[in-house]
Amino acid sequence: MIAARAPTDGSGLPAETLVASDRPLAEVTEALIGACFLENGFEQTAAAVVAAFEPQIAYASETRLDFKSELQERLARHGATVTYEVVNEAGPPHERRFDVTASARGEALGSGSGRSKKEAEQAAAEQALEKMR
């Protein structure tokens, strides 16, 4: 196995960029949980993870966070489907922003932006659902 090493010549991303991004933080969290599992087993690791993330678990249990699925289900009842279009991309690769429009039957229903296409699509779907209420 070849161990990955951080560049020593200054060519890597600045630490501030990595800390500000969700993806590296999620990957580090996943790696730490995996290491705990390997060292301590499932039962002890599961209890620690549940305790550490209890507020987020409770919030996710009480709140519908998948606006794309909710919008698709609502439109499907009327024989329509939603499409998402990226209307703008801006910023360097490590700080990219996407603007997306959600449409059905040729009509723009909502728009949103985010650091990933998926995040922007969720924001567009959320706005569309708010307009439909």
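Quick rundown of the values:
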{"read-out": "Residue count, segment 24-53 (criterion: outside any helix (DSSP H, G or I) and open to solvent by less than 50 Å² (accessible area, probe 1.4 Å))", "value": "1"}
{"read-out": "Some residue of segment 48-56 being β-branched (Val, Ile, Thr) and out of contact with any Phe, Trp or Tyr (no Cβ under 6 Å at 6 or more places or on another chain)", "value": "yes"}
{"read-out": "Those residues of segment 54-101 which are more than 16 Å from Lys118 (Cβ to Cβ), among the aliphatic types (A, V, I, L, M) and open to solvent by 70 Å² or more (accessible area, probe 1.4 Å), in sequence order", "value": "Ile57"}
{"read-out": "Residue selected from segment 73-86 under the condition without any contact (Cβ under 8 Å) to a residue 24 or more places away in the chain and within 19 Å of the chain's Cα centre (by Cα), by the criterion farthest from Val100 (Cα to Cα)", "value": "Thr83"}
{"read-out": "Residue in segment 50-64 that is at pLDDT below 95 and touching an Asp or Glu at 6+ places or on another chain (Cβ under 7 Å) present", "value": "yes"}
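The values are calculated or read from the model by the stated rules, or taken from the named source; none is laboratory data. From a predicted model like this one, the values you see are computed outputs, not experimental measurements. Note that we place each Cβ from the backbone using ideal geometry, even for glycine, and neighbour counts take in every protein chain shown. These accessible areas exclude ligands, DNA and RNA; they are computed on the full protein's heavy atoms, side chains included. Shrake-Rupley method; radii C 1.70, N 1.55, O 1.52, S 1.80 Å.
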